[in-house]
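J.: A single structure is presented below for examination.
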There are 2 protein chains.
Amino acid sequence: MNFPPLKNDTILRTIRGEPTSYTPVWVMRQAGRYLPEFQEVRSQHDFFKVCQTPELACEVTLQPIRRFNLDAAIIFSDILVVPQAMGLKVEMLPGQGPTFTEPLQSPSDLIRVCADIDVNEKLKYVFEAITLTRHQLDGKCPLIGFSGAPWTLMSYMIEGKGSPTISKAKKWLYCYSEDSHKLLQMLTDVIVKYLVEQVRAGAQLLQIFESHAGILSKASFLQFALPYIQQISKRVKEDLNQQGLSNVPMIIFAKDAHYALEELSACGYEVVGLDWTIEPAEARLRVGENITLQGNLDPCQLYASHNDIVKAAQGLIDKFGNRRHIANLGHGIYPDIQPDHLEAFIDAIHKHSCRS
Amino acid sequence: MNFPPLKNDTILRTIRGEPTSYTPVWVMRQAGRYLPEFQEVRSQHDFFKVCQTPELACEVTLQPIRRFNLDAAIIFSDILVVPQAMGLKVEMLPGQGPTFTEPLQSPSDLIRVCADIDVNEKLKYVFEAITLTRHQLDGKCPLIGFSGAPWTLMSYMIEGKGSPTISKAKKWLYCYSEDSHKLLQMLTDVIVKYLVEQVRAGAQLLQIFESHAGILSKASFLQFALPYIQQISKRVKEDLNQQGLSNVPMIIFAKDAHYALEELSACGYEVVGLDWTIEPAEARLRVGENITLQGNLDPCQLYASHNDIVKAAQGLIDKFGNRRHIANLGHGIYPDIQPDHLEAFIDAIHKHSCRS
C-alpha cells in the first residue's frame, strides 16, 4: 500500500518493553464531541454517516492529531457497526446515544442475526477509512483499529441502548446459557474477520473494548466473556500469520474487571487497559512484568485546573513508572471537557516522563 | 416503648460472631416493586406519600415478612428523604426514578441546603413508621433503619437523578473541593442525628448505603467518602451512648468499592456489605476475621430456574462459610423478579446452611 514511513513508534516500542525517551499517550474517544471541529462535522452529518464515509471518518480521526502531540490515532468508528453489519438496525438518538430500534427480545430473535457475512462488503467503509487515514496521517503516529468484545456487543443487542443494570442481557446468561454462547460465538467469528481486515487495511494496533465487564460477576465473566476475548487474540494472530500479514500488538480493555486482572493478562494481549478504580501498583503486581499497562486517569480529572491536571499527570507517571506504560484515561473523554485541558494532560505526560 | 420481645435474633448473633443454627438472610429492596401487593399500594399512592405515611410505610415493610421466612425487615423509605428534609424538592418521575426538580448547579446553590434542621420535625414520619413497624412486626425479626452516605446523597443532589458517569457531581470534587467538603459535612451532621433518632424510634440495626462508591477512584473515595462514613459510625455510637440508648450494629455497603475493602473494614462498622463482583474468599482475607460480611448474590441470578437458584444459594454458603455471614443480594432486588424465585433463594439459604 506504500504507506508513509512511521516517524513516531514510541507506543510500539513501549509495548515491546523497550526503553523510550518518554511515556506515550493517547486518549479514548480523542476523536469526539469535546472538539468544536468535530461538532462542526456532526452538525452536517448523521453519526453513522460519518462512520460510513471514509473521508469524514478520516477527517475526524485526524482532528485531535492536528491539535495535540498524541502518540497514536484511533480510527473514528463505533463498536455497534458490527451488530449493524450482522443485521440489526442502529440509530443515533439525540440524548440517548446509539440505539437498536429492534433489540433481541428472546433467543428466537437470533434468526435476525447473521454471522455468515462478507465483512469486506458490509464493513468496507471502515477498511477504506483506515487505509485513507494511514496515508493522510503521514506517519505521524500509529493508527489503532478496534472492536467491541462479544459480551459488550451482545448486551447492547439485547438492551437496545445503555442500561444501568444490563439486566435484560444478563438474564440471557442465567436463563438461556446455550443461546448466549451461540450469539457470543457468532459475534466472535465476525469480530476476528473484522480485526484481520482492519490490519490488512492498515491498522497498526488493535484494541478490544469489553465496556460492560464490570456488571458481571467473576464467574459470569469467566464463562461468557473471557473465553471469547481469548479466542479473538488467538485467532487474529493465527489468521494474520497464515495470510502473510504482519502481527500487530493487541490491547484488551475490560472496564471495571478488577476481579480478573490476572486472567486478562494471560489471554494473549500485549496490553491491558485499566479503568481508574484500579491502583497502578496493584495492577502491576497482578499482571506481572511482561504486560504493558494502559490508563488510567479518572476522566473527571480533566475538569480540574491546568495546575491540578499537571499534578495528576505527574502522579500517573510516578505510579506507573517509566516502562511498559501507555498513558490514557480510564474511559473515553467526556463531551464537556475543554480541549485545552486535554492538551495540558498530554503535554504534562510528555514533559514529566522525559528521560532523554 | 414496650416493643414485643424478639423471637429471631439470628442476624444479631451472626454479627457478634456467635454460632447460629443457620445463615440469616434478607434482601435489599425486599419491600418493593417485585411484589404485587406493593404495586397495589403504589397504584393508590405516590411513592413519597408511602414514605411519609407511617401506616403505609409499615404495611409495605411487612409485606415481604408475611410472604417469606426473612431474618430481618428493613423500614420502607428512600435515601433521598434526607436531602428532601434539607430543602431540595424530590419527585418520583415514572420511568426515571426519584428526581430533584432543581438540582445543585454550582456551589452558590448551597444556600438552598439547610443542615440546621430539626430532624424530629422534618423526618418525624420515618421515626413513626419505625415505631409502628416494630410493634406490628411482633418480634418476628429485627428491624433495620438506614441512610444514604454523604457522597451518594451529594451526587444525587447535583445530578438530579441517576447518571452513568456521575460527572457533574465528580466535577465538584475536582473543581470545588472545599465546597464539596462543606456539603458532605452538612449531610453528615444531619445523617448522624437521623440515624440516632431511628434507633430511638426502634431500629435494631443501621445500614449506610454508599451506592455511588464505584464511580470514584480510590484517592477520591479516601478523600471525599470514607472520612464521612467513618465519622458517621463514630458519632452515632457516641451519641447513642451519651443519650442512654442501646448500641446497634452498623452495616456499611459501599457498592463497587473493591479498592477499599481494607479501609471499609476498619472504619467502625460491624458489617461490610459486598456487591457481586467481589469474591467472598478474597473479601474475607482482606477484611480479617472480626468483620461480618453481607451479600453477595448477583441480583440477576434470581431470573434463573429454581434449581439454579438453589445451586447458587449453596455456592454462596460454601464460599462464605458458616460464620459471620449474612446472605443477601449484591444490590437491591430488581422489579421484574418473580416473588417465588426470591422465596427459593431464601429457603435454600436456610436449608443448606442448617447446622442444628
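J.: If you go through the stretch A:242-285, how many residues are over 18 Å from A:R16 (Cα atoms), among the acidic types (D, E) and within 15 Å of the chain's Cα centre (by Cα)?
T.: So the answer is 2.
J.: Against the conditions (1) under 15 Å from A:I349 (Cβ atoms); (2) more than 14 Å from chain B (Cβ to nearest Cβ), where does A:N247 fall short? Just the number, please.
T.: A:N247 satisfies all of (1) under 15 Å from A:I349 (Cβ atoms); (2) more than 14 Å from chain B (Cβ to nearest Cβ) except (1).
J.: Looking at the structure I just gave you, is B:K218 crowded, with 24+ Cβ neighbours inside 10 Å, basic (K, R) and within 14 Å of another protein chain (Cβ to nearest Cβ)?
T.: Values: crowded, with 24+ Cβ neighbours inside 10 Å: no; basic (K, R): yes; within 14 Å of another protein chain (Cβ to nearest Cβ): yes.
Taking the combined requirement at face value, the residue does not satisfy it.
J.: Additional query: Restricting to the stretch A:172-182, name every residue that is in contact with a helix residue (DSSP H, G or I) (Cβ under 6 Å, 6 or more places away or on another chain) and surrounded by fewer than 21 Cβ atoms within 10 Å (Cβ to Cβ).
T.: Step one: filter the stretch A:172-182 for residues in contact with a helix residue (DSSP H, G or I) (Cβ under 6 Å, 6 or more places away or on another chain), giving A:172-176, A:179-180.
Across the stretch A:172-182, the qualifying residues are A:Y174, A:C175, A:Y176, A:D179.
J.: Among the candidates B:S353, B:S305, which residue alone is surrounded by 15 or more Cβ atoms within 10 Å (Cβ to Cβ), at pLDDT 95 or above and over 21 Å from the mean Cα position of the chain (by Cα)?
T.: Details: B:S305 fails: surrounded by 15 or more Cβ atoms within 10 Å (Cβ to Cβ).
Of the residues listed, the single one that is surrounded by 15 or more Cβ atoms within 10 Å (Cβ to Cβ), at pLDDT 95 or above and over 21 Å from the mean Cα position of the chain (by Cα) is B:S353.
J.: Quick check: anything in the stretch A:54-69 under 19 Å from the mean Cα position of the chain (by Cα), of a type in the set (V, I, T) and not in a helix (DSSP H, G or I)?
T.: Looking through the stretch A:54-69, none of the residues is under 19 Å from the mean Cα position of the chain (by Cα), of a type in the set (V, I, T) and not in a helix (DSSP H, G or I).
J.: Within the stretch A:1-18, track down each residue that is more than 10 Å from A:R324 (Cβ to Cβ) and either at pLDDT 95 or above or under 23 Å from the mean Cα position of the chain (by Cα) (or both).
T.: As a first pass, look at the stretch A:1-18 and keep what is more than 10 Å from A:R324 (Cβ to Cβ): A:1-13.
Scanning the stretch A:1-18 gives A:F3, A:P4, A:P5, A:L6, A:K7, A:N8, A:D9, A:T10, A:I11, A:L12, A:R13.
Results for (1) buried (at least 19 other Cβ atoms within 10 Å of the Cβ); (2) of a type outside the set (A, V, I, L, M, F, W, C), shown as yes or no for each residue.
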site: A:A31; (1), (2): yes, no
site: A:L35; (1), (2): yes, no
site: A:D46; (1), (2): no, yes
site: A:T53; (1), (2): no, yes
site: A:V60; (1), (2): yes, no
site: A:M92; (1), (2): no, no
site: A:G95; (1), (2): no, yes
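J.: Just wondering, is there one or more residues in the stretch B:205-214 that are closer than 30 Å to A:S305 by Cβ, polar (S, T, N, Q) and either surrounded by 22 or more Cβ atoms within 10 Å (Cβ to Cβ) or within 14 Å of chain A (Cβ to nearest Cβ) (or both)? Break it down into steps so the answer makes sense when it comes.
T.: Keep residues of the stretch B:205-214 that are closer than 30 Å to A:S305 by Cβ, which gives B:210-214.
Narrowing further to those that are polar (S, T, N, Q): B:211.
In the following step, the residues that additionally are either surrounded by 22 or more Cβ atoms within 10 Å (Cβ to Cβ) or within 14 Å of chain A (Cβ to nearest Cβ) (or both) were identified as B:211.
Yes, that holds for at least one residue.
J.: Any residue in the stretch B:183-202 that is of a type outside the set (K, R), within 26 Å of B:N322 (Cα to Cα), more than 14 Å from chain A (Cβ to nearest Cβ) and surrounded by fewer than 22 Cβ atoms within 10 Å (Cβ to Cβ)?
T.: In the first step, residues of the stretch B:183-202 are kept if they are of a type outside the set (K, R); the result is B:183-192, B:194-199, B:201-202.
Narrowing further to those that are within 26 Å of B:N322 (Cα to Cα): none.
Checked the stretch B:183-202: no residue is of a type outside the set (K, R), within 26 Å of B:N322 (Cα to Cα), more than 14 Å from chain A (Cβ to nearest Cβ) and surrounded by fewer than 22 Cβ atoms within 10 Å (Cβ to Cβ).
J.: Test each condition in (1) within 30 Å of B:G97 (Cα to Cα); (2) touching a Leu at 6+ places or on another chain (Cβ under 7 Å) for B:R286 and report the one that comes out false.
T.: Unmet condition: (1).
J.: Among the residues in the stretch A:279-293, are any within 14 Å of A:L329 (Cα to Cα), at the interface with another protein chain (Cβ under 9 Å from one of its Cβ atoms) and surrounded by fewer than 23 Cβ atoms within 10 Å (Cβ to Cβ)? Give the derivation first.
T.: Step one: list which residues in the stretch A:279-293 are within 14 Å of A:L329 (Cα to Cα), which gives A:279-280, A:293.
Still in the list and also at the interface with another protein chain (Cβ under 9 Å from one of its Cβ atoms): A:279.
Remaining after also requiring surrounded by fewer than 23 Cβ atoms within 10 Å (Cβ to Cβ): A:279.
Yes, there is a match, as at least one residue in the stretch A:279-293 is within 14 Å of A:L329 (Cα to Cα), at the interface with another protein chain (Cβ under 9 Å from one of its Cβ atoms) and surrounded by fewer than 23 Cβ atoms within 10 Å (Cβ to Cβ).
J.: Taking the stretch A:346-356 as the region of interest, how many residues are part of a helix (DSSP H, G or I) and not β-branched (V, I, T)? Spell out the reasoning first.
T.: So in the stretch A:346-356, the residues part of a helix (DSSP H, G or I) come out as A:346-352.
If we keep only those that are not β-branched (V, I, T) as well, we get A:347-348, A:350-352.
Looking only at that region, the number is 5.
J.: With the requirement that a residue be at negative phi and touching a strand residue (DSSP E or B) at 6+ places or on another chain (Cβ under 8 Å), what does the stretch B:302-327 give you?
T.: The initial filter retains those residues of the stretch B:302-327 that are at negative phi, namely B:302-320, B:322-323, B:325-327.
If the condition is that a residue be at negative phi and touching a strand residue (DSSP E or B) at 6+ places or on another chain (Cβ under 8 Å), then B:L302, B:A312, B:A313, B:L316, B:I317, B:F320, B:H325, B:I326, B:A327 are the ones that fit.
J.: State yes or no: is B:G145 small (G, A, S), more than 14 Å from chain A (Cβ to nearest Cβ) and in contact with a Lys or Arg (Cβ under 7 Å, 6 or more places away or on another chain)? Step through it out loud before you land on a result.
T.: Details: small (G, A, S): yes; more than 14 Å from chain A (Cβ to nearest Cβ): yes; in contact with a Lys or Arg (Cβ under 7 Å, 6 or more places away or on another chain): no.
Spelling it out, it is not the case that B:G145 is small (G, A, S), more than 14 Å from chain A (Cβ to nearest Cβ) and in contact with a Lys or Arg (Cβ under 7 Å, 6 or more places away or on another chain).
J.: What number of residues in the stretch A:296-315 are more than 11 Å from chain B (Cβ to nearest Cβ) and not charged (D, E, K, R)?
T.: Of the residues in the stretch A:296-315, the ones more than 11 Å from chain B (Cβ to nearest Cβ) are A:306-307, A:310-311, A:313-314.
Okay, now just the ones that are also not charged (D, E, K, R), so A:306-307, A:310, A:313-314.
Within the stretch A:296-315, residues that are more than 11 Å from chain B (Cβ to nearest Cβ) and not charged (D, E, K, R) number 5.
J.: List, please: which pairs have Cβ atoms under 6 Å, are six or more places apart or on different chains, and start with a residue in the stretch B:146-168 that is over 19 Å from A:G162 (Cα atoms) and end with one that is outside any helix (DSSP H, G or I) and among the small types (G, A, S)?
T.: What qualifies is B:T152/B:S211.
J.: Which one is nearest to A:D9 (Cα to Cα) among residues in the stretch A:24-53 that are polar (S, T, N, Q) and part of a loop (DSSP other than H, G, I, E, B)? Walk me through it before giving the result.
T.: Looking only at the stretch A:24-53, we keep the residues that are polar (S, T, N, Q), and these are A:30, A:39, A:43-44, A:52-53.
With the extra rule that they be part of a loop (DSSP other than H, G, I, E, B), the set shrinks to A:30, A:53.
On the way: A:Q30: 19, A:T53: 28 Å.
Out of the qualifying residues, it is A:Q30.
J.: Kindly evaluate A:K89 against the criterion of being at pLDDT 95 or above, under 27 Å from A:L205 (Cβ atoms) and of a type in the set (K, R). Spell out how you get there, then give the answer.
T.: On the way: at pLDDT 95 or above: yes; under 27 Å from A:L205 (Cβ atoms): no; of a type in the set (K, R): yes.
No.
J.: Next question, about the same structure. Being more than 22 Å from A:D336 (Cα to Cα), surrounded by 21 or more Cβ atoms within 10 Å (Cβ to Cβ) and either out of contact with any strand residue (DSSP E or B) (no Cβ under 8 Å at 6 or more places or on another chain) or not small (G, A, S) (or both) narrows it down to one of B:I117, B:I79, B:I158, B:I75, so name that one.
T.: On the way: B:I117 fails: surrounded by 21 or more Cβ atoms within 10 Å (Cβ to Cβ); B:I79 fails: surrounded by 21 or more Cβ atoms within 10 Å (Cβ to Cβ); B:I158 fails: more than 22 Å from A:D336 (Cα to Cα).
Unique residue meeting the criteria: B:I75.
J.: Also, I was wondering about something else. Residues being part of a helix (DSSP H, G or I), under 24 Å from B:G162 (Cβ atoms) and under 18 Å from the mean Cα position of the chain (by Cα): count how many of those fall in the stretch B:177-214.
T.: 7
The values are calculated or read from the model by the stated rules, or taken from the named source; none is laboratory data. Here the structure is a predicted model, which is why all the values come from computation and not from measurement. Note: ideal-geometry Cβ built from the backbone for every residue, glycine included; neighbour counts use all protein chains shown.
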